[in-house]
Amino acid sequence: MTKLKWEKGPQSLRFGDQSYRVYCLPETDSTNLRLRRWAEGEPPPGLEGPLEEGVCLAAGAQTAGRGRLGRSFLSPRSGLYFSLCLRGEDASTALEMTPAAACAVCEALEEMGFSALGIKWVNDLYYRGRKVCGILCERVGAYVICGIGINLSDPPGGFPPEAGMAGSLHRPDLKREDVLEKVLEKLAFYTDARNGERTRAAYRERQLLNGRFVRCDVGGSTVRGRVTGIGEDYSLQVATPEGWTRRVSSGEVTRVYPEEEQPGEIGLRTAFFDFDGTLRSGDSIVSFLKFAREKGKLSRRALLGAGVCALLGKAGLMSMEQVKTRALSFEKALSPAEREALLREFVARRLLPELFPRGLEAWRRLREEGYRMVLVTASTGEYMAPLSRALGADALLCTPMAPDGRVGPNCRGREKERRMLQWAESLPALIRVDWEGSRAFGDSAGDESMLRLVGSPCAVNPDRRLLRLARAGNWTVLNWAAPTGKKEENNLTERSVDQP
Ligand code: BTN
């Protein structure tokens, strides 16, 4: 039963743990502004005392209604405008108030017979394709002032063109006090921190932008892409055509593209690079063992043992996983700090300076052209991870090493292909690899299946078998390893290796 009366003086309402003190005015400049002034010690005319949590100031019209981003909010007599004072000590409380208010208004109106209300991130409520409610939450000291404006019916003569997408519920018979009381009841639920998860779920469920292609203006820059969801922090998650997921937490959506204009899936042109033999000569694991020996971290005996295992591996008597597990087992005797320092030094002193300059140039050029850059290698992640970060790779597909030191599965041959397809599957919704527009670089016939996945395969420093395949398939053949006659240096320095 409705208790609230519009004409009466201050009235108290209670829903659960939340009490409200409601003041109704026929008209004011802005209910948000009035509460702000009150918080600063200047109560509205006729009222006194300090502002308290739960105070709600409502008006039948506003002469200077305030909207987001410094805009005005048209507030004719045909609407309900009110501001509520809530506690909001920390930034996250303030941040969550807007979605909580949006859910409260939606649910209140639904219970009053309106169906299919939707929320356009972050604070606009839409009904039958028109914006019928705006929300403006502002922090003032320890309080959050939550202002809500609802267009109950169209103003005489309709909304002016400058009101943009404004529309109304088309219900001149709706009583303001009924709507206000219902919204306050729902606000008591949705602003209760204990209901945070329910609020998030309700907000996500009513989100109108899901799956839509949008343009957002974010502090002077623009983000375009497809909305993939709402984050835990209520940020808008946008999958961009460049393949990133951007989390937009401020700013606004300035354009929602009509369904028929929405591009379909976004295809990512990707450049896949093998490492050993393609970007650098030799076997990096062998270089690592030699480096560890030089640094006194690996005994002569252990090095010889690793060599014997490698021979057994070549003869098919040991799997490559076993060979690598055995070869790298010396690391177990190192402290975490020693191991970290050894790996860093190896990447900085050996791997980076030894990259083929022409390979590096190709890598950089493709990255500048907007390709996603992916390293696909049988080397282990321990040193490939800092290396791939130094190169600015978007992904590293390598042979994993478990915490107990076990290595595998070896990322070679068909395993490379499997890992590439798995990576493509893991991309955000509506983003896919444009295999035809992608490129791959490998040096041996073992890279065949990786090269065959893309539209432009490239045999780099190819072994005999790969050269034959390249000729038969009309693939590009490059020789990054061939000496040019002049001293070639790449300009990577130790500083290129990031801190662990
Ligand atoms: C927006 O859509 O940009 C937000 C509009 C918020 C309007 C409400 S009406 C009650 C309160 N008082 C104001 O001056 N603004 C808010």
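What accessible area per residue, rounded to a whole number of Å², is obtained for the chain using a probe radius of 1.4 Å? Could you put the intermediate results ahead of the total?
Values: 23920 Å² over 500 residues.
For the chain, the per-residue accessible area is 48 Å².
Pulled fully out, how much extra length does the chain show between E7 and E338, if you take 0.36 nm times their separation in residues and subtract their Cα-Cα distance? Each step should come with its number before you reach the end.
Numbers: separation 331, 0.36 × 331 = 119.16 nm, distance 7.69 nm.
Stretched fully, the E7-E338 segment lengthens by 111.5 nm.
For an R0 of 22 angstrom, estimate the FRET efficiency from the Cβ-Cβ distance between E354 and L303 and round to the nearest 0.05. Intermediate results must be reported in sequence, preceding the final value.
Values: r = 20 Å, r/R0 = 0.91.
Approximately 0.65, to the nearest 0.05.
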Rounded to 10°, Cα long-axis angle of helix 176-190 versus longest principal axis of the chain: 30
Reach of K290 by Cα under 23 Å, taken over lysines that are not fewer than 8 positions away in the same chain: K314, K324, K332
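Test of understanding: express the Cα radius of gyration of region 299-414 as a ratio to 2.2 N^0.38 Å, with N the residue count. Mind showing how you got there, number by number?
Details: Rg = 15.8 Å, N = 116, 2.2 N^0.38 = 13.4 Å.
After normalising by residue count via 2.2 N^0.38 Å, the value is 1.18.
Taking only the Cα atoms of the chain, how large is their convex hull per residue, in Å³? Display every interim value, and only then the final one.
Values: hull volume 103.0 nm³, N = 500.
So the per-residue hull volume is 206 Å³.
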Long-range amide H partners of T228 with built H, under 5 Å: G211, Q237, V238, A239
Area projected by the alpha carbon convex hull of region 1-127, averaged over all directions, nm²: 8.9
Accessible-area value, R389, 1.4 Å probe, nucleic acids and ligands omitted, Å²: 120
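Write down the percent of antiparallel bridges among all DSSP beta bridges whose residues are both part of the chain, to the nearest 5. Walk me through the numbers before you get to the answer.
On the way: 54 of 84 bridges.
Given both bridge residues lie in the chain, the antiparallel proportion sits at roughly 65 percent.
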Compactness relative to 2.2 N^0.38 Å, alpha carbon Rg of region 183-342: 1.80
Long-range HN-HN contacts of C24 with modeled amide H, under 5 Å: A58
3J(HN,Hα) from dihedral phi, region 116-121, Karplus parametrisation 6.51/-1.76/1.60, rounded to Hz, x for glycine, proline: 6, 8, x, 10, 9, 2
Angle in degrees between helix 284-294 and the longest Cα principal axis of the chain, rounded to the nearest 10: 80
For region 337-375 and region 116-147, distance of Cα centres in Å: 48
Phi to ³J(HN,Hα) by Karplus 6.51 cos²θ - 1.76 cosθ + 1.60 over region 43-59, Hz, x for Gly, Pro: x, x, x, x, 10, 9, x, x, 5, 10, 4, x, 6, 10, 10, 10, 9
Base-10 log of normalised Debye intensity for region 156-257 (one unit scatterer per alpha-carbon) at q = 0.11, 0.13 Å⁻¹: -0.52, -0.70
Charged-residue dipole, Cβ positions (Lys, Arg, Asp, Glu), the chain about Cα centre, Debye nearest 20: 1780
Accessible-area composition of the chain, carbon plus sulfur, in percent [1.4 Å probe]: 49
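How charged is the neighbourhood of V223? Take every other residue with its Cβ under 14 Å from the Cβ of V223, and add Lys/Arg as +1 and Asp/Glu as -1. Numbers along the way, then the final one.
Working: positive: R212, R215, R224, R226, R246, R247, R255; negative: D217, E242, E252.
That sum, taken over residues with Cβ under 14 Å, equals +4.
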Nonlocal amide H pairs with I266, under 5 Å, H built at 1.01 Å: I431, R432
Sum of side-chain charges, G118 neighbourhood, beta-carbon under 14 Å (Lys, Arg +1; Asp, Glu -1): +3
In Å², nearest 10: area of D404 left accessible to a 1.4 Å probe: 80
Degrees separating the helix 357-368 axis from the principal Cα axis of the chain, which is the longest one: 20
Among 433-442, 166-175, the order from most to least packed when residues are scored by Cβ within 10 Å on average: 433-442, 166-175
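Do me a favour and compute the ellipsoid semi-axes for region 11-205 from its Cα gyration tensor, root of five times each eigenvalue, largest one first, whole Å. Each step should come with its number before you reach the end.
Working: eigenvalues 106, 84, 48 Å².
Working from the Cα gyration tensor, I get semi-axes of 23, 20, 16 Å.
Please quote Rg/Rh for region 213-264 to two decimal places, taking the Kirkwood radius as Rh and restricting both calculations to Cα atoms. Numbers along the way, then the final one.
Numbers: Rg = 10.4 Å, Rh = 11.1 Å.
Looking at region 213-264, the ratio lands at 0.94.
Compute the signed sum of charges (Lys and Arg +1, Asp and Glu -1) over the other residues within less than 13 Å, Cβ to Cβ, of T28. Show your work: numbers first, answer last.
On the way: positive: R34, R36, R37, R66, R77; negative: E27, D29.
Counting the neighbours of T28, the net charge comes to +3.
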Percent breakdown of C-alpha pair distances by 10 Å bin, ordered from the shortest bin, for region 255-363: 12, 31, 27, 13, 7, 8, 3
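The values are calculated or read from the model by the stated rules, or taken from the named source; none is laboratory data. Not measured: the values here are computed from a predicted model. So basically every Cβ, Gly included, is an ideal-geometry build from the backbone, and we count neighbours across all protein chains shown. All accessible areas refer to the heavy atoms of the entire protein, side chains included, with ligands and DNA or RNA removed. Shrake-Rupley method; radii C 1.70, N 1.55, O 1.52, S 1.80 Å.
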